[in-house]
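What follows is a short report on a single structure.
No lab work stands behind these numbers, since they all come straight from the coordinates. Since the structure is predicted, the reported quantities are computational estimates derived from the model, not experimental observations. Here the Cβ positions follow ideal geometry from the backbone for every residue, glycine too, while neighbour counts run over all protein chains shown.
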Amino acid sequence: MFHVKHSEGALVFSISRFLLPIVVAATAILAPCRAQTFDLLLKSGHVIDPANKINAVRDVAMKGDTIARIDANIPATEAKKVVDVSGYYVTPGLVDIHTHLSVEGPGGWGIYPDLSALPNGVTTAVDAGSSGWKNFEEFKSRVIDGARTRVLALLNIVGVGMDPVGEQSLAEMDARPTAEMVKKYPQILVGIKAAHYEGPEWDAIDRAVEAGRLARVPVMVDFRPQPTRTYADLILKHLRPGDIHTHMYAQHIPLLDDSGRVNDYVREARKRGIVFDLGHGGGSFWFRIASPAMEQGFTPDSISTDLHQRSSLIPQATMVNVMSKILSLGMPLEEVIYRSTVTPAREIQRPELGTLSVGADADIAVLELQKGNFGFVDSGHGRHIGNQKLRCMLTVRAGKIVFDAEGISWPEWRKAGKYGVVE
Ligand SMILES: [Zn+2]
């Protein structure tokens, strides 16, 4: 909505009938330029938008729930609300493809998405298998529908989802109804999850892949090798190109050989298109594996948290912290952002996410890059000191400010006039 200044209205009514149509036409042309075209403008931030190859100070303007314009200088007068984000990085809303969001019932050690995602700049959180085809719809109404975060999900191959008994029962793993449920909710269900099965057979993996084939979606696997089920066979034979192995730096994964070199077959699997995802979690991120692997160039395709109640406190597997850990191991900031936005969105076949393209949903993270000495802890509570740390200052979801760590979008209270409760 735009409004015309009163003086222009007065002018229109004071001139002759003869000139009126001309002036009305001229006003219609001029008015949008003078009006507040945008609803929200983030001004003077350093934009890193890898999808559009932007890494520079830019203004970002939003209209309604979409990105409307990105430019070197968009006048503050053109927006209803302006937030000065100079000194901060402005990135697409982060996409975390391994989270746990079910807070009760089977697999109920998750964290409600708006509490785990939004304060960490995550605007798209993918629940990794809390529910299966038998209880997805309940999970959807209980967790997904009411969240401000965009919640997507990987459907567990186990019909009852992440239930400790169900996870060990092959009778619970049926590819066909799993695929049918994915096809019923293509906007939300972006893949299949297989995890935690401890038997000697390949069935849990193979049935998940079969469901993925039927529904044309990728499979994410949390895998613990057995003598009858090796990691090499998983990534070379059982998974398809585009399928995702999460927990790549876990100590139970033989990424490195005995001399600390990245195994050749792991590189071969990457060449054939297997995706290697970080999936920090409570037990799956070890500096002693991640550091040598990254030194040898074996970096994560995507950075994800596996954030849940047990990984949140000591290893602090929040998205900005996990990104900071990877930053502390030498990955440049722009690439850290790329692997937390563009690549995860691509892996779940949603390339329209994780970008600041004009017309895209206005999902944005404003990040502070702190400098100093910061201790980071891995899953074994090994400590690593880094000199940079990301902190989320502001999160915008669908054009609305949904998190603001220090109130940078609000006026100083003495100047705020009469104000009400912020929701
Ligand atoms: Zn997990």
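Brief remarks on what is shown
- The order of the peptides 64-76, 383-395 by mean Cβ neighbours within 10 Å, most packed first, is 383-395, 64-76.
- Structural descriptor for the chain: relative contact order 17 percent, calculated from alpha carbon pairs under 8 angstrom and at least 6 residues apart.
- Each of the peptides 266-272, 407-413, 295-301, 130-136 was scored by the mean count of other Cβ atoms within 10 Å over its residues; in descending order, highest first, they stand as 130-136, 295-301, 266-272, 407-413.
- Model label sites at residue 232 and residue 251, defined 7 Å from Cα along the beta-carbon direction, differ in position by 2.4 nm.
- Rounded to whole Hz, the Karplus (6.51, -1.76, 1.60) HN-Hα couplings of the range 86-94, x for glycine and proline: 4, x, 10, 8, 10, 10, x, x, 6
- Charge tally in the Cβ shell below 11 Å around residue 397, where Lys, Arg are +1 and Asp, Glu are -1, residue 397 excluded: -1
- Treating r as the C-beta distance of residue 388 and residue 295 and R0 as 22 Å, the FRET efficiency rounds to 0.75.
- Take each peptide in 367-374, 55-62, count the other Cβ atoms within 10 Å of every residue, and average; sorted highest first, the result is 55-62, 367-374.
- Net +/- balance of residues flanking residue 127 in space, Cβ distance below 14 Å, scoring K and R +1, D and E -1: -4
- Percent of alpha-carbon pairs separated by more than 24 Å within the range 92-397: 47
- FRET efficiency for the pair residue 198 and residue 406, taken as 1/(1 + (r/R0)^6) with r the Cβ-Cβ distance and R0 = 51 Å, rounds to 0.65.
- Computed over neighbours whose Cβ is under 10 Å from that of residue 347, the net charge equals -1, Lys and Arg +1, Asp and Glu -1.
- Straightening the chain between residue 259 and residue 141 buys 37.5 nm, computed as 0.36 nm per residue apart minus the Cα-Cα spacing.
- Residues listed by number, the range 309-343, amide nitrogen under 19 Å from residue 288 label point at 7 Å toward C-beta: 315, 329
- Point-to-point label distance, residue 268-residue 69, nm (Cα→Cβ direction, 7 Å offset): 5.5
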